[in-house]
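The block underneath contains the structure these notes are about, expressed in structure tokens.
The values are calculated or read from the model by the stated rules, or taken from the named source; none is laboratory data. This is a predicted model, so every value here is computed, not measured. For neighbour counting, all protein chains shown are included, and Cβ atoms are generated from backbone atoms with ideal geometry for every residue, glycine included. The area values use the complete protein model at the heavy-atom level, side chains included, leaving out ligands, DNA and RNA. Shrake-Rupley method; radii C 1.70, N 1.55, O 1.52, S 1.80 Å.
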Amino acid sequence: MFEKVLIANRGEIALRVLRACNELGIATVAVHSTADENAMHVRLADESVCIGPPPATDSYLSIPAILSACEITGADAVHPGYGFLSENAQFSDILKEHGVTFIGPSGDDIRIMGDKIAAKQTVDRLGIPVVPGSPGAVEDPQEAIKIANDIGFPVIIKAAAGGGGRGMRVVEKREDMEVSLQMTQTEAKTAFGDGSVYIEKYLGKPRHIEIQVLGDGQGGGVHLGERDCSLQRRHQKVWEEARSPALNDDQRAKIGATCAKAIADMNYSGAGTIEFLYENGEFYFIEMNTRLQVEHPITEMITGIDLVQEQIRIAAGAKLGYTQDDISFNGHAIECRINAENARTFMPSPGLVENVHVPGGLGVRVDSGIYSGYSIPPYYDSLIGKLIVFGNTRNDCLMRLRRALDEYVIQGIDTTIPLFQDLLKEKDIMDGNYDIHWLEKYLAKDA
Ligand code: ADP
């Protein structure tokens, strides 16, 4: 097992990883920018190293700075959290060259899954159902029109290197193809440094359902069930639940088994998430994330498995040590992403947190790094906490969530807490009856 893990991240996820290390008896190193000197992950770590000025490109994304921090502190492994360098194959490779373990999959697996075209081709070969579309990158508008005619409009043009809900454009009709193709290519080139795009059938009313997987790189692969992340704004998840209100046990077992087998066949090592759109009883692969997800706690709540500890164990060379039959799913869990944003306009609201009161009680978990007197810096994303609630049934979970949200007090800044309180008044939400467009429509109604 590792002796000292450097956590190459900030905010709630740095704390999450720190907690897993503490429970495994592993020493921790926090890294931070000058804007994060007073962050909770820095305070709680055994050691900390300042790695640069506030802009992430000069600190949390700086590979040389993080490598130096490893050298100075003698850390033998790095946990990247999510975002930042978590899906950077080069980072994984460089750490390896320096004798430091990257807690995540191999550089090659990250590279394949980071290219959405290669990813789609790979999982297709492994028997995972994909969205109908172009077999590879598309450059020529005439070819694009032909593909779109074959699969039927509307279609969606997507950047091969895209992520974070960016680099996508829906095309409703033939006449719009040429301009849309060009625009998406240009945007992809500017945003991701790679202008390759591909085409997929645009699904009208899908749910977003993703399968959590674990592989040990030694032939072992399991799935930990699904998460329903259909409640999204601008392709960004807002509320996630496990299990999905839309699936029955048979569907769950079937898609889960397909994913677990693919992971074992790939000899994948670490935690991963295989994302699907789900419509009319069919699953369509959209991408695989080769890292821990923001919404991983809901899976932990219903399986009792600590995903971060599993990542660390696997990276240290352990076998899974259990099979699919050993994993059971109990109850229901929901996560609300608490952002420092206005709940209606979604304007970021950084600044001084005057007072915080966190909800508690049975089945309530809060993963957050903020505290009374903490000042939220304006440089990073606006997620300041996650409220995760467990109940024996979905209904128990919803009632408990309402209670927990009412207890949650964050003063001094705007947060998205009122949005969740409003959502719990909606019949569709209470019934679990929503697709990926539901939230945008709901928000537009009020605007
Ligand atoms: P990213 O890597 O940017 O998160 P994804 O491929 O995971 O991109 O897609 C993000 C979201 O975009 C999905 O959850 C869904 O809301 C929408 N989306 C992606 N592909 C399609 C599609 N073929 N049809 C309809 N919506 C899609």
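Some observations on this one:
- Qualifying residue in segment 215-238 (condition: among the hydroxyl-bearing types (Ser, Thr, Tyr) and either more than 16 Å from the ligand (Cβ to nearest atom) or outside the structural domain of residue 304 (by TED's automatic domain parsing) (or both)): no
- Answer residue from segment 256-265, given it is crowded, with 23+ Cβ neighbours inside 10 Å and either among the aliphatic types (A, V, I, L, M) or within 16 Å of the ligand (Cβ to nearest atom) (or both) and is farthest from residue 219 (Cα to Cα) among those: 259
- Test: residue 275 is at pLDDT 95 or above, over 20 Å from the mean Cα position of the chain (by Cα) and within 16 Å of the ligand (Cβ to nearest atom): no
- Filtered by the rule that a residue be within 9 Å of the ligand (Cβ to nearest atom) and more than 21 Å from residue 130 (Cβ to Cβ), segment 284-298 gives no residues.
- For segment 135-147, residues that are open to solvent by 10 Å² or more (accessible area, probe 1.4 Å) and either within 11 Å of the ligand (Cβ to nearest atom) or more than 20 Å from residue 274 (Cα to Cα) (or both) total 9.
- The residue of segment 148-173 that is most open to solvent (accessible area, probe 1.4 Å), among those that are more than 24 Å from the chain's Cα centre (by Cα) and within 13 Å of the ligand (Cβ to nearest atom), is 172.
- Residue pairs whose Cβ atoms lie under 8 Å apart, sitting 6 or more positions apart in sequence or on different chains, and linking a residue in segment 421-441 that is open to solvent by 60 Å² or more (accessible area, probe 1.4 Å) to a partner that is within 16 Å of the ligand (Cβ to nearest atom) and at pLDDT 95 or above, are 440/232; 440/233.
- The listed residues are 327, 338, and the only one of them that is open to solvent by less than 60 Å² (accessible area, probe 1.4 Å) and closer than 20 Å to residue 223 by Cα turns out to be 327.
- In segment 233-255, the residues that are open to solvent by 50 Å² or more (accessible area, probe 1.4 Å) and of a type in the set (A, V, I, L, M): 253
Here's the yes/no breakdown for (1) at pLDDT below 95; (2) of a type outside the set (Ser, Thr, Tyr); (3) more than 21 Å from the chain's Cα centre (by Cα):
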| position | (1), (2), (3) |
| --- | --- |
| 359 | no, yes, yes |
| 365 | no, yes, no |
| 382 | no, no, no |
| 411 | no, yes, yes |
| 420 | no, yes, no |
| 435 | no, yes, no |
| 442 | no, no, yes |
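- Residue in segment 100-114 that is charged (D, E, K, R), within 16 Å of the ligand (Cβ to nearest atom) and modelled with pLDDT under 95 present: no
- The requirement of being assigned to a loop (DSSP other than H, G, I, E, B) and open to solvent by less than 20 Å² (accessible area, probe 1.4 Å) is satisfied by residue 128.
- Checking 86, 68, 62, 106 one by one, the residue that is out of contact with any Pro (no Cβ under 8 Å at 6 or more places or on another chain), hydroxyl-bearing (Ser, Thr, Tyr), buried (at least 18 other Cβ atoms within 10 Å of the Cβ) and under 26 Å from residue 369 (Cα atoms) is 62 and no other.
- Residues located in segment 362-405, provided they are closer than 19 Å to residue 425 by Cα and open to solvent by less than 30 Å² (accessible area, probe 1.4 Å): 387, 388, 389, 391, 397, 398, 401, 404, 405
- Residue count, segment 195-214 (criterion: among the hydrophobic types (A, V, I, L, M, F, W, C) and within 13 Å of the ligand (Cβ to nearest atom)): 4
- Top-ranked residue of segment 419-446 - restricted to ones that are in contact with a Lys or Arg (Cβ under 8 Å, 6 or more places away or on another chain) and farther than 23 Å from residue 278 by Cβ, ranked as nearest to the ligand (Cβ to nearest atom): 419
- Residues in segment 15-45 that are over 21 Å from residue 58 (Cα atoms) and among the small types (Gly, Ala, Ser): 4 in all.
- Counting residues in segment 227-240 that are of a type in the set (A, V, I, L, M) and touching a Leu at 6+ places or on another chain (Cβ under 7 Å) gives one or more.
- Of all the residues in segment 111-138, those that are more than 19 Å from the chain's Cα centre (by Cα), closer than 19 Å to residue 202 by Cα and not β-branched (Val, Ile, Thr) number 9.
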